[in-house]
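Below is one structure, written out as structure tokens; the observations come after it.
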Amino acid sequence: MTINRSKVVIVGAGLVGSSTAFSLITQGICDEVMIIDINKDKARGEVMDLCHCVEYLNRNVKVTQGSYEDCSDADIVVITAGAPPKMGQSRLDTLELSVGIVKSIVNPIMESGFSGHFLVVTNPVDIIAHYVYKLSGLPKNQVIGTGTAMDSARLKHFIGEIFNVDPRSVQGYTMGEHGDSQMCPWSHVTVGGKRITDILADNKEYENVNLDDIVYKVTRVGFEILNVKGTTCYGIATTAAGLIKAILNDENKIIPVSTLLEGEFGEHDVFCGVPVILNRSGVKDVVEVHLNEEELAKFKHSVSVIREYTSKVLK
């Protein structure tokens, strides 16, 4: 009898990588988590620490330290290594450094015989995911950026606060760049099945709610966290774990991630955040929601920002 074991490799033992590993282990999402880092002592320390939490969990997830050669049988390789933005920088400002780091990671992984999925967390994630796609030569459905998945969680959190409801009762997402130019298709946002625009129109107590302000808060909250604690880690780590779970469990779950567009929304050859169906194949399909004229214009502006920076990397 053949028993298939799921293996996730995390490249980068910093706060995001180690938090992602912790989230995978505590939720029992896979059978093995392997950590790789250029700083081997840091990776070894994280592995030892993570091993010691298994006693009090509901599943014995194997935690190991590895090298790029060990990626050949991995189901998913998560790339978290990169250059974090410094004070006053945007995610786009880290592009040059992140490209060099990612190139040194992807090439040896592919030389190992890896044929699974890449999940890219490294910022600027839309551009880096496109770069990984080009470097790896893997099919487009197997290279996924976290995109606006975490931004959408933040969006739901803020909406939940306004209406005093569980954010999981909010349906909606942001699209485009995981960055300052992202947009929200408000015509598709509902709370308990009711359009948010109707809720605002029907209830005078919400007359001062500004939808543009909510999107602005979504784009800036990551930097607020960065300024007060030095980095963001738990939100993005849990987001990555949720994407991995959707893939490994073949969930067919709709989540906004960064994927290659080939005609959807009238865009070609660009990675950006859009709602997709995630399952064992990776990105099964893009959910091409109908955007009104204003929403489409904002989306295309965001895509143009991504395309401008992508061209600098791929030329």
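The values are calculated or read from the model by the stated rules, or taken from the named source; none is laboratory data. It should be emphasised that the depicted structure is a prediction, and the values quoted were computed from it without experimental measurement. As a convention, Cβ positions derive from the backbone with ideal geometry for all residues, glycine included, and neighbour counts pool all protein chains shown. These accessible areas exclude ligands, DNA and RNA; they are computed on the full protein's heavy atoms, side chains included. Shrake-Rupley method; radii C 1.70, N 1.55, O 1.52, S 1.80 Å.
Taking the criterion of being open to solvent by less than 20 Å² (accessible area, probe 1.4 Å), under 19 Å from the mean Cα position of the chain (by Cα) and not β-branched (Val, Ile, Thr), the residues of the range 250-293 that qualify are PRO256, SER258, LEU260, LEU261, PHE271, CYS272, GLY273, PRO275, LEU278, ASN279, GLY282.
Would you confirm whether any residue within the range 96-107 is open to solvent by less than 20 Å² (accessible area, probe 1.4 Å), in a loop (DSSP other than H, G, I, E, B) and either in contact with a His (Cβ under 9 Å, 6 or more places away or on another chain) or touching a residue at least 60 places away in the same chain (Cβ under 8 Å) (or both)? The answer is no, given that none of the residues of the range 96-107 is open to solvent by less than 20 Å² (accessible area, probe 1.4 Å), in a loop (DSSP other than H, G, I, E, B) and either in contact with a His (Cβ under 9 Å, 6 or more places away or on another chain) or touching a residue at least 60 places away in the same chain (Cβ under 8 Å) (or both). Screening the range 43-58 for residues that are open to solvent by less than 80 Å² (accessible area, probe 1.4 Å) and assigned to a helix (DSSP H, G or I) and picking the one that is nearest to THR26 (Cα to Cα) gives VAL54. Of the set (1) part of a helix (DSSP H, G or I); (2) more than 19 Å from the chain's Cα centre (by Cα), all apply to VAL305 but (2). Please work out if LEU200 is of a type in the set (A, V, I, L, M, F, W, C) and open to solvent by less than 20 Å² (accessible area, probe 1.4 Å). No.
Scoring LEU226 on the criteria (1) touching a residue at least 60 places away in the same chain (Cβ under 8 Å); (2) in contact with a helix residue (DSSP H, G or I) (Cβ under 6 Å, 6 or more places away or on another chain); (3) not small (Gly, Ala, Ser) leaves a single failure, condition (2). Restricting attention to the range 108-141, the residues that are part of a helix (DSSP H, G or I) and either of a type in the set (Val, Ile, Thr) or modelled with pLDDT under 95 (or both) add up to 5. Determine, yes or no, whether ARG168 is in contact with a helix residue (DSSP H, G or I) (Cβ under 9 Å, 6 or more places away or on another chain), surrounded by 16 or more Cβ atoms within 10 Å (Cβ to Cβ) and basic (Lys, Arg). Taking the combined requirement at face value, the residue does not satisfy it.
How many residues does the range 39-59 hold that are hydrophobic (A, V, I, L, M, F, W, C) and over 23 Å from ASP75 (Cβ atoms)? Summing the residues that are hydrophobic (A, V, I, L, M, F, W, C) and over 23 Å from ASP75 (Cβ atoms) in the range 39-59 gives 1. Within the range 230-249, the set of residues being over 14 Å from the mean Cα position of the chain (by Cα) and either open to solvent by less than 20 Å² (accessible area, probe 1.4 Å) or under 16 Å from GLU32 (Cα atoms) (or both) comprises LEU248, ASN249.
Quick check on ILE79: is it open to solvent by less than 10 Å² (accessible area, probe 1.4 Å) and either in contact (Cβ under 8 Å) with a residue 60 or more places away in the chain or within 22 Å of VAL270 (Cα to Cα) (or both)? Against the criterion (open to solvent by less than 10 Å² (accessible area, probe 1.4 Å) and either in contact (Cβ under 8 Å) with a residue 60 or more places away in the chain or within 22 Å of VAL270 (Cα to Cα) (or both)), ILE79 qualifies. Applying the set (1) modelled with pLDDT of 95 or more; (2) of a type in the set (Ser, Thr, Tyr); (3) open to solvent by 20 Å² or more (accessible area, probe 1.4 Å) to TYR309 leaves exactly one unmet item: (1). Looking only at the range 127-164, residues that are on the phi > 0 side of the Ramachandran plot and either out of contact with any helix residue (DSSP H, G or I) (no Cβ under 8 Å at 6 or more places or on another chain) or open to solvent by less than 40 Å² (accessible area, probe 1.4 Å) (or both) come to 2 in all.
Does LEU155 satisfy the criteria of being assigned to a helix (DSSP H, G or I) and within 18 Å of LEU243 (Cβ to Cβ)? So LEU155 passes the test. Pick from the range 1-42 the residues that are of a type in the set (D, E, K, R) and closer than 19 Å to ILE109 by Cα: which of them is surrounded by the fewest Cβ atoms within 10 Å (Cβ to Cβ)? Per the criteria, the residue is LYS40.
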